[in-house]
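Beneath this line is the structure, given in structure tokens, with notes to follow.
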Amino acid sequence: MTTLAVVQAGLGSPSSTQLLATRLAEATERLVPGLEVRTTHLRDVARDIADNLVTGFPSARLREVVESVVGADAVIAVTPTFNASYSGLFKSFVDVLEPGSLAGKPVLIGATGGTERHSLVLDHALRPLFAYMRAIVVPTGVYAASSDWGAEGLPGRVDRAAGELADLLVGRAPAKPATTDFVPFDQLLAGR
């Protein structure tokens with residue numbers, strides 16, 4: 001059975017981070033028949049993570065979470081944005097993982113925040129973090145600002161990212177887009 005680990009670092013329950021993680025998981029699940037989804041709310045193991053960082057020894061509960069993530073076929077990782085980066089809780093969890101434990105594993109990254117101004121967290125914080133872990137980060141990351149909820153663009157981004165993750169999970173070639181925003185350079189110049 002194909003497994004998907006969903007790791008979300010929302011501090012509230014419910015939270016926009018939890019909601020984005022759920023939407024990404026559901027969109028992926030629709031595309032991968034028989035997918036087993038295991039969701040981890042990092043707030044539930046926050047003390048275990050802190051204790052592990054101080055003592056070097058994971059609790060049984062944290063060990064189970066780590067094994068679930070490391071043993072999954074793919075990961076969806078979603079964090080709230082704090083000070084233009086991932087949350088401390090999210091980073092502390094990643095610090096608990098062994099170097100190379102996500103090597104070759106497909107990862108879909110997502111983040112939430114109050115305004116669109118923090119959307120670069122995907123490419124300036126999350127993508128490099130998972131590149132360091134040697135994971136395969138899907139091309140489309142999903143950032144959801146407060147204004148995105150209920151707006152028309154978010155569902156399309158969620159579906160596109162989930163499709164890219166599903167393609168990696170089942171080993172199929174990515175679908176060609178029906179339309180493209182690409183305009184050849186000579187056409188851009190001619191349009192002046």
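Convex hull of alpha carbon positions in the range 3-190: directionally averaged projected area 12.2 nm². Residue separation of residue 117 and residue 97 scaled by 0.36 nm, minus their Cα-Cα distance, works out to 4.2 nm of gained length.
Any idea which of 80, 119, 137 is furthest toward the positive side of the dipole for the chain, if Lys and Arg beta-carbons carry +1 and Asp and Glu beta-carbons -1? Projecting each Cα onto the dipole axis, the largest value belongs to 119. For residue 87, the residues 5 or more places off, or on other chains, whose built amide H falls under 5 Å of its own are 82.
In whole angstrom, note down how far apart the Cα centers of the range 94-173 and the range 5-43 are. Cα centres, the range 94-173 to the range 5-43: 12 Å.
Exposure check, 1.4 Å probe, all protein chains in place: residue 136 carries approximately 80 Å² of accessible surface.
By DSSP, the beta bridges lying fully in the range 55-144 are antiparallel in about 15 percent of cases.
Net charge around residue 147, counting only other residues with Cβ within less than 14 Å of its Cβ (Lys, Arg = +1; Asp, Glu = -1)? Each step should come with its number before you reach the end.
Numbers: positive: 117, 157; negative: 116, 148, 152.
With Lys, Arg at +1 and Asp, Glu at -1, the net is -1.
Comparing 32, 137, 54 in a Gaussian network model of the chain (Cα springs below 10 Å), the most mobile by mean-square fluctuation is 54. In this structure residue 86 has an accessible area near 50 Å², from a 1.4 Å probe over the protein heavy atoms. If you roll a 1.4 angstrom probe over the protein chains with everything in place, what fraction of the accessible area of the range 36-165 belongs to carbon and sulfur, to the nearest %? After summing per-atom areas, the C and S share lands at 52 percent.
For the range 107-175, the Cα-based Rg and Dmax, in that order, read 12.7, 36 Å.
The long axis of helix 60-71 is offset from the longest Cα principal axis of the chain by roughly 30 degrees. Only protein heavy atoms count here; under a 1.4 Å probe, residue 57 has an accessible surface of about 150 Å². In degrees from 0 to 90, rounded to the nearest 10, what is the angle of the helix 46-55 Cα long axis to the longest principal axis of the chain? Between helix and principal axis, roughly 60 degrees. For the chain, the longest principal axis of the C-alpha atoms and the axis of helix 16-31 are separated by about 70°. With each label modelled as a point 7 angstrom along the Cα→C-beta vector, the residue 38-residue 61 pair spans 1.7 nm. Within the range 89-129, find all residues whose amide N lies under 12 Å from a label point positioned 7 Å from the Cα of residue 70 along Cα-to-beta-carbon. In the range 89-129, the label zone of residue 70 (backbone N under 12 Å from the point 7 Å along Cα→Cβ) covers 96-103.
The values are calculated or read from the model by the stated rules, or taken from the named source; none is laboratory data. These numbers were taken from a predicted model, which means no experiment stands behind them. Cβ coordinates were reconstructed from backbone atoms using ideal geometry, including for glycine residues, and neighbour counts include every protein chain displayed. Areas reflect the complete protein model, heavy atoms only, side chains present, ligands, DNA and RNA absent. Shrake-Rupley method; radii C 1.70, N 1.55, O 1.52, S 1.80 Å.
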